[in-house]
Each structure stands twice: as C-alpha cells, then as structure tokens.
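Asker: Before I ask anything, let me first share the structure, which is written out below as structure tokens.
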Amino acid sequence: MSTGSGSISVRGIEKRFGDIHALRGVDLDVGQGEVVCVIGPSGCGKSTLLRVINWLLPPDAGQVYIDGEQVGETTGQDGRTRPRPEREINAVRARVGMLFQNFNVWPHMSTLENVVRPQVVVLKRTRAEAESIALALLNRVGLGDQVDKMPGALSGGQLQRVAIARALAMDPIVMLLDEPTSSLDPELVGEVLAVLQELATGGMTMIIVTHELGFAMNVADRVIFMDHGLIVEDGTPQQVLRAPESERLKQFLEMLIHV
C-alpha cells in the first residue's frame, strides 16, 4: 500500500496561455488526509491548478511539492532550479491519482482489465496480485457484479467509479479530481459522490474541483474560491459557503443558487 504523508504544497505558481494569465502566483497547502474542494467560475484556473500540481502542465514559475518532494524540478545547493528527468517526474506522478471529467476508461478493456492492466504495467505487480486488488476495489465502489462488462455497457456513473477504482489501485497518496460529476446525469451524481465521501472518511488527501456545493459542505475540510487565477477565499465550508467575505464570491454563490 502507499506510504507517505500525502501533503501538497504549492508556491508562487504562475501559468499563462498567450495573453491569458491562468494562475497568478498561487500559494496553497493541503495537509495529510485533508479534503479541499475548489469552486469558482469557468476559466478561473481551477483545472489548470490541478494539472500543474501533477506536472501535466508545467508552470511558468513556482514550485510544487508532494509529500515534501519537489515535482518537476529540483533546486540545487547553488539555488538554481533544474528540470527533473522524466522518470523521476513519473515516479512522483505515479503517487498521485488523477480523475478527469470524461472518465478516460479504456473502451476496449473490461471493467476488471481497466483496473488490472496499469498495476501490471506500471507497478509490475503479478497478474494474480493485480486481480485480487482490482476485485477488492471494484467491490468497494459497488461494481463487484460488473467486472466482465465492457465500458460501452456501463452508465456514466459506473464508468466514473471504474476510473476511481483504477486510480486507487495505483496506491496514490493524493487524489486530484477535476469536476468528477460534471459529465453525469443528475441521478447518477449521488453514487459517485458517495464513493468520494467514503474515500474522504478513510483519510485520503484530496483536492476536488466541483460545483456540488452540498457535497463540499458535507465532505470538505476546506473550500477554496478561485477567480481570475487567484485564490480569493480559503476557509471552512461554513465560512466560505455560508458567510462569504468578498462580493465576488457572494455573486458566484447567488448565481449557483438560482441556476
């Protein structure tokens, strides 16, 4: 199983896409076992932040640390920053589970094989060990009776739960989830949120970009509101969602309530 504290530290992250300043000097600390939900309008930098943390999108400036280890770059004794070799980046990235909006389940593999294959290829587990872990995780997410099904025969909620099981099979110390319910029909949202709530109760460190305010209120230790590439508010769910300080957050919450 995974070892490590699962802490995340982000310092001075800057990211531009041409004229768009997506992240403007973002600082963020997430402790072991902490669940942080990130809310904000479209284009505010939420998804970009997750991709920078996992170094899928290297920042223009700033540092990311996972479990105290710098991701993507290393700073020498001379104070100069150098890129890390790809294999070292992949070693850190392997400890981070990433869940996207569109599931990214392999369509040509069964439910079971989707969870088994990355363990065998990346973690070099035996087939028997990988299958044992996969079956346990698929039972955990309520898919123990769907192991032989192909993705085309599964609902969106089931596909997202396959993706969760696959991520957990890699023994992550951190989970990054980008709008994990946004592609789902409303009646399927609850089954995915229930799995995430169980993960949170189990002590998994998570950063979840979401628009599900009820879920954030019930599950998050902290809620972060982002706008224009900045963290505008950061506090407990009660503070951020029930007693917002900034006019911008008040407007955002008012808009969501009336959608």
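Asker: Are there any pairs with C-beta distances below 6 angstrom linking a residue in region 225-248 that is on the phi > 0 side of the Ramachandran plot to a residue that is surrounded by fewer than 19 Cβ atoms within 10 Å (Cβ to Cβ), with the two at least 6 apart or on different chains, and if so which?
Answerer: Hits for this filter: 229/21; 229/24.
Asker: May I pose another question? Can you confirm whether residue 79 is loosely packed, with under 15 Cβ neighbours inside 10 Å, free of Cβ contacts under 8 Å to residues at least 60 places away in the same chain and in a loop (DSSP other than H, G, I, E, B)?
Answerer: Yes; evaluated as a whole, the condition is true for this residue.
Asker: For residue 18, indicate whether it is on the phi > 0 side of the Ramachandran plot and either in contact with a Leu (Cβ under 8 Å, 6 or more places away or on another chain) or of a type outside the set (Asp, Glu) (or both).
Answerer: Judged against the criteria, residue 18 is a match.
Asker: Residue 203 fails exactly one of the following numbered conditions: (1) free of Cβ contacts under 8 Å to residues at least 40 places away in the same chain; (2) on the phi > 0 side of the Ramachandran plot. What is the number of that condition?
Answerer: Exception for residue 203: condition (1).
Asker: Of the conditions (1) under 24 Å from residue 92 (Cα atoms); (2) out of contact with any strand residue (DSSP E or B) (no Cβ under 7 Å at 6 or more places or on another chain); (3) in a loop (DSSP other than H, G, I, E, B), residue 108 satisfies every one except a single condition; which number is it?
Answerer: Checking residue 108 against (1) under 24 Å from residue 92 (Cα atoms); (2) out of contact with any strand residue (DSSP E or B) (no Cβ under 7 Å at 6 or more places or on another chain); (3) in a loop (DSSP other than H, G, I, E, B), the one that fails is (1).
Asker: Follow-up. Taking the criterion of being touching a residue at least 24 places away in the same chain (Cβ under 8 Å), outside any helix (DSSP H, G or I) and surrounded by fewer than 19 Cβ atoms within 10 Å (Cβ to Cβ), would at least one residue in region 119-131 satisfy it?
Answerer: Yes; the residues of region 119-131 include at least one that is touching a residue at least 24 places away in the same chain (Cβ under 8 Å), outside any helix (DSSP H, G or I) and surrounded by fewer than 19 Cβ atoms within 10 Å (Cβ to Cβ).
Asker: Can you tell me which condition residue 56 does not meet? The list is (1) within 26 Å of residue 161 (Cβ to Cβ); (2) over 14 Å from the mean Cα position of the chain (by Cα), and all the others hold.
Answerer: Tallying (1) within 26 Å of residue 161 (Cβ to Cβ); (2) over 14 Å from the mean Cα position of the chain (by Cα), residue 56 fails exactly one: (2).
Asker: Look through region 82-118, keep the residues that are at pLDDT 95 or above and closer than 17 Å to residue 170 by Cβ, and return whichever of them is surrounded by the most Cβ atoms within 10 Å (Cβ to Cβ).
Answerer: Here the residue is 115.
Results for (1) at pLDDT below 95; (2) touching a Phe, Trp or Tyr at 6+ places or on another chain (Cβ under 6 Å); (3) among the aliphatic types (A, V, I, L, M), shown as yes or no for each residue.
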{"residue": "202", "(1), (2), (3)": "yes, no, no"}
{"residue": "218", "(1), (2), (3)": "yes, no, no"}
{"residue": "249", "(1), (2), (3)": "no, yes, yes"}
{"residue": "256", "(1), (2), (3)": "yes, no, yes"}
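A quick yes/no check of all residues on (1) at positive phi; (2) β-branched (Val, Ile, Thr); (3) touching a strand residue (DSSP E or B) at 6+ places or on another chain (Cβ under 9 Å):
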| site | (1), (2), (3) |
| --- | --- |
| 154 | no, no, no |
| 161 | no, no, no |
| 164 | no, yes, yes |
| 168 | no, no, yes |
| 216 | no, no, yes |
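Asker: Of all the residues that make up region 53-68, how many are loosely packed, with under 15 Cβ neighbours inside 10 Å and either touching a strand residue (DSSP E or B) at 6+ places or on another chain (Cβ under 7 Å) or of a type in the set (Asp, Glu) (or both)?
Answerer: 2
Asker: Can we say residue 222 is more than 21 Å from residue 56 (Cβ to Cβ) and without any contact (Cβ under 8 Å) to a residue 60 or more places away in the chain?
Answerer: no
The values are calculated or read from the model by the stated rules, or taken from the named source; none is laboratory data. This structure is a prediction, so every number in the text was calculated from the model and none was measured. All Cβ positions, even for glycine, are placed from backbone atoms using ideal geometry, and neighbour counts span all protein chains on display.
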